[in-house]
Structure formats: C-alpha cells, structure tokens
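Worksheet for the structure shown next.
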Amino acid sequence: MNSLWFFEDVNLFNILCPHKFKGYEGGHDFNEYKKNDFIYFEEDAADKVFLVNSGKVKIGYVTEEGDEIITAILSKGQIFGEKAILGQENRNEFAQAIDKETSVCPITTPEMIELLRENKEFSLKIYKFIGFRFKKLERRLQLLLFKDTKTRLKEYLKELAEDFGYTNQISGDIIIRHPYTQKEIATLIGTSRPTLNILLNELQEENYLSFQRKEIILNKK
C-alpha cells in the first residue's frame with residue numbers, strides 16, 4: 001500500500017470535527033445511536049459526512065439476492081459517507097451502529113465543501129484519504145472474489161497491521177492492537193466466526209502468528 005495514501009500520526013477527529021474550526025462551533029451536536037440503529041440507508045439523500053466519535057459503525061450494502069456485504073467496520077476518528085462531497089446524491093450503502101453506545105459527528109455537505117475551499121492543506125488530506133479508502137475497498141473486494149479464505153485472512157491481517165500495528169524493536173514481530181471482535185473480522189473477510197477461529201489456530205500452529213482477544217502478533221520470518 002502506497003504510504004502517500006495513509007495518514008500517519010494524524011487524528012482525523014481533530015482535523016474534521018466542526019468543533020475545531022472557528023465559526024463552526026455554535027449549534028454543533030453529536031448524534032447518538034444504540035446498537036443496530038441505522039445512521040442512513042441505501043437510497044437516502046447523501047447530504048452529510050460523518051465522523052465516529054465513539055462506538056463502532058458498520059458500512060455495507062444488500063445484494064439483489066438479499067445477502068448483506070460488509071465493506072468496513074469503523075471506530076473512533078474514522079470518516080464515512082464521504083462520497084457526499086464527490087457529488088453523490090443518494091447513498092449506495094447503509095451505515096449502522098453496532099455498539100451499545102455509538103456517537104457520530106455529522107458534517108453537512110455544504111459545511112464540508114466550505115472547509116475544503118478555505119483550507120488547501122485540509123482539502124489535500126481529505127482527498128488523499130478518500131483515495132486511500134477507495135484503494136482499500138477495491139483490494140478487499142478483489143480478495144473476496146478471487147482468493148480463498150486463508151489468503152483473505154492473511155491479507156486482512158496485513159491491513160490491520162498498517163492501521164493498528166507497530167514493530168517490536170527487540171523481536172522484530174509486528175504487534176497489532178485492534179478494536180475488532182472475531183465476529184467482526186470474520187464478517188469483513190466473508191467467513192464465519194468458527195472458520196476464522198480454526199484458521200487463526202492453524203496459523204498459530206504454523207508459527208505465522210499468535211493471538212489474544214484484542215491483540216495479534218505477526219511473527220518475524
């Protein structure tokens with residue numbers, strides 16, 4: 001993955017939330033959701049961009065056959081609904097809260113466009129971020145279509161390492177401390193939780209990794 005498209009050491013919440021911009025503080029509220037509440041549905045008007053303040057949000061769509069395809073599970077500081085600033089008029093995906101208490105920061109499309117016009121550095125970062133998101137989604141869909149489950153898991157672990165990992169300077173292992181449950185990871189790679197658990201144990205036996213509830217260690221080769 002080209003590092004140009006990745007925000008290193010950047011807190012998106014500090015960049016995007018209107019609280020942080022002079023003239024945008026007044027009347028700005030967070031939207032609160034309970035588990036399984038929908039933030040928006042497919043075909044809803046694309047008139048806002050959102051930033052996760054707390055909890056987690058699931059992004060996905062439903063196929064013509066009625067199958068639910070999950071494209072992302074987002075946690076604090078991550079943006080969604082960003083296609084609204086690219087001219088999308090109606091949503092082609094749904095967004096659903098999956099934690100008991102989920103809070104998001106809504107930014108209207110006109111507000112976001114005005115912020116982009118006023119700040120060139122901010123604008124560049126946002127468009128790079130959107131490009132990174134599209135590249136990531138494209139890679140995930142290719143994996144779902146053309147790769148076996150074990151390969152999909154390995155590739156997703158590399159993605160987790162990019163987002164949440166760091167290298168142990170002594171052992172050289174990559175430590176991944178992530179916010180996801182096994183069920184959420186299974187959903188993202190298109191498999192079941194029992195199958196994911198079997199694959200994780202297989203990879204552990206192969207000395208590819210070791211894992212605990214919220215930590216995965218990719219062993220140095």
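Nothing in this text is a laboratory measurement; each read-out follows from the coordinates by a stated rule. Predicted, not measured: the structure shown is a model, and the values here were computed from it. Quick reminder, even Gly has a Cβ in these numbers, built from the backbone with ideal geometry, and neighbours come from all protein chains shown.
Couple of notes before you dig in:
- Test result for residue 61, aromatic (Phe, Trp, Tyr), in contact with a strand residue (DSSP E or B) (Cβ under 8 Å, 6 or more places away or on another chain), under 27 Å from residue 157 (Cβ atoms) and assigned to a strand (DSSP E or B): yes
- Restricted to region 194-217, and to residues there that are among the acidic types (Asp, Glu) and assigned to a helix (DSSP H, G or I), the residue that is nearest to residue 141 (Cα to Cα) is 202.
- Complete set of residues in region 170-193 that are part of a loop (DSSP other than H, G, I, E, B) and touching a residue at least 40 places away in the same chain (Cβ under 8 Å): 171, 172, 173, 179, 180, 189, 190, 191
- Subset of region 32-81 [under 12 Å from the mean Cα position of the chain (by Cα) and among the β-branched types (Val, Ile, Thr)]: 52, 57, 59, 70, 71, 73, 79
- None of 130, 126, 107, 113 is buried (at least 17 other Cβ atoms within 10 Å of the Cβ), outside any loop (DSSP other than H, G, I, E, B), out of contact with any strand residue (DSSP E or B) (no Cβ under 7 Å at 6 or more places or on another chain) and not basic (Lys, Arg) except 126.
- Failed criterion for residue 92 (all others in (1) surrounded by fewer than 15 Cβ atoms within 10 Å (Cβ to Cβ); (2) outside any helix (DSSP H, G or I); (3) touching a residue at least 60 places away in the same chain (Cβ under 8 Å) hold): (3)
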